[in-house]
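The values are calculated or read from the model by the stated rules, or taken from the named source; none is laboratory data. Note that the structure is a prediction, hence the values are computed from the model and not measured. No Cβ is skipped: glycine too gets one built from the backbone with ideal geometry, and neighbour counts run over all protein chains shown. Just the protein is used for accessible areas: all its heavy atoms, side chains included, with ligands, DNA and RNA removed. Shrake-Rupley method; radii C 1.70, N 1.55, O 1.52, S 1.80 Å.
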Amino acid sequence: MAFQPVETADRSEIRELQNERLRETVEHAYENVPFYRERFDELGITPDDINGVEDIEKLPMTTKEDFRDEYPDGLFAVDEDEVTRIHASSGTTGKPKIVGYTEDDLDVWSDVVARSLKASGVEPGDTVQNAYGYGLFTGGLGLHYGVEKLGATVIPIGSGGTQRQVELMTDLESDALSCTPSYALYLAETAEEMGYDPRELPISTIIFGAEPCTDAMREEIEERLDVNGVDIYGLSEIIGPGVSNECHEAQDGLHLWEDHFYPEVVDPDTGEPVEEGEEGELVLTTLSKEALPVFRYRTGDLTSLTYEECDCGRTMVRMDNVTGRADNLLIVRGINFYPSEVEDVVLDIDGVAPHYRIDLREENNLDVMELIIEKKQEFDGDESELYDTVMTRLSNVLSFTPDKLTLVDSGGIERTEVGKVQRVFDQR
Ligand code: DLL
């Protein structure tokens, strides 16, 4: 059922592994990363103070600014000749975050991605069409080696070239597709334009990640392509895709592979831990990374954790799917909301396609929000009624309405064929 026995291990066994690995990681980082040694000194701690994960809060937190300050490799804990691979994650501003892997790190990464794929319902012998970008982005190569590790066949097509994706998928009878959720929809549209019925394409599973996906968006993908949509989560600073993944059996949260990554959830403002089940910012500590050990990394991603048993038999903690980031809270004239809240409301309305954008600008020193949404191709109802429905629903559920609501025809919102979709354009 699971790819590795540890996925269903007793909690006490998992805890022992975590304790042992945390102690090793602390020693390793203290010995080899001046940045961490200085932080430890400032806090007045040494590796002897860390006996296990119960001491995790004594450790310093690491932020994306630390990656930038230590650019390119100041956080690396091994010599250059031990680094087998480099990846990078480009932020919206400034230098990218550079991450490195030893051979053992790459092995762990393949393992956790293979676990993720198996949890998604992919079996050895299946064919996975990997439409994540290859290159510095961790999505392409990360998924690639996981598919091979599982014993499945990978089609390393990468991102873009959507017509070719559809043709190859049909000719090679791909069982699964890995891509961003927005790309899955784009592929469905392209297939339709090419004269295919997207529901008749051979894929039965889509492993989507790298972007937030609300339940409404997932339903749309599943319906349009007649697939099971499974969520994969990860970030370059920790390893890449494969930090956690939904199981297809229960699809009730993402199992976090906590023998390699220790999770905490904290209040994004104070950094203090929140109760199990409560939402906050995910903070991750690597437990086995050699090239780039990271303590208490502030991911910025909002989620909650549950240690309750899962129907699938895996014992590893589950995190809620990530639909918001602590830093994408929008504040418009004092009203706070996340783009995902707007998405949830709007996509639930008949006649609205899963494509939208939020434009924020300043007019006469005031914030102005414009919401642009696309009508479904088959929509033939009354446009002003649709307009009213959207406004009323937003007002009822979120207690605010945009200053301007624009309905555009199908295809009116630009699609993202390569990379991550951008839905908020803040020009303030
Ligand atoms: O996006 C790694 C990845 C590749 C994950 C392919 C899944 C599939 P980065 O480019 O470093 O790495 O971006 C990491 O993307 O902190 C989240 O904000 C967001 N993210 C990743 N997966 C999900 C997901 C890759 N399943 C950042 N749901 C993370 C929501 C996600 N957000």
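Looking across the stretch 184-195, just one residue is among the hydrophobic types (A, V, I, L, M, F, W, C) and open to solvent by 50 Å² or more (accessible area, probe 1.4 Å), and that is Met194. Total residues in the stretch 400-421 satisfying the condition of being open to solvent by 70 Å² or more (accessible area, probe 1.4 Å) and touching a residue at least 60 places away in the same chain (Cβ under 8 Å): the figure is 2. If you go through the stretch 70-81 and keep only what is acidic (Asp, Glu) and either within 24 Å of the chain's Cα centre (by Cα) or surrounded by 14 or more Cβ atoms within 10 Å (Cβ to Cβ) (or both), you end up with Glu70, Asp73. Is it fair to say Leu150 is hydrophobic (A, V, I, L, M, F, W, C) and under 24 Å from Val418 (Cα atoms)? For Leu150, the condition - hydrophobic (A, V, I, L, M, F, W, C) and under 24 Å from Val418 (Cα atoms) - is not met. No other residue among Pro212, Pro181 is open to solvent by 50 Å² or more (accessible area, probe 1.4 Å), closer than 20 Å to Glu246 by Cα and either within 12 Å of the ligand (Cβ to nearest atom) or over 24 Å from the mean Cα position of the chain (by Cα) (or both) apart from Pro212.
Listed here are the residues, each with its yes/no results for (1) of a type in the set (A, V, I, L, M, F, W, C); (2) farther than 24 Å from Met316 by Cβ.
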{"residue": "Lys118", "(1), (2)": "no, no"}
{"residue": "Gly121", "(1), (2)": "no, no"}
{"residue": "Asn130", "(1), (2)": "no, yes"}
{"residue": "Leu143", "(1), (2)": "yes, no"}
{"residue": "Val154", "(1), (2)": "yes, yes"}
{"residue": "Gly158", "(1), (2)": "no, yes"}
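Filtering the stretch 130-174 to residues that are in contact (Cβ under 8 Å) with a residue 60 or more places away in the chain, crowded, with 24+ Cβ neighbours inside 10 Å and away from the ligand (no atom under 12 Å from the Cβ) leaves only Leu150.
Could you please let me know if Thr270 is more than 16 Å from the ligand (Cβ to nearest atom), more than 22 Å from Glu341 (Cβ to Cβ), open to solvent by 10 Å² or more (accessible area, probe 1.4 Å) and in a loop (DSSP other than H, G, I, E, B)? When the stated conditions are applied, Thr270 passes them.
Among the conditions (1) polar (S, T, N, Q); (2) crowded, with 18+ Cβ neighbours inside 10 Å; (3) away from the ligand (no atom under 15 Å from the Cβ), Ser204 misses just one, which is (2). Which of the following residues is charged (D, E, K, R) and within 16 Å of the ligand (Cβ to nearest atom): Arg423, Arg428, Arg415? Arg423 is the lone residue from the list that is charged (D, E, K, R) and within 16 Å of the ligand (Cβ to nearest atom).
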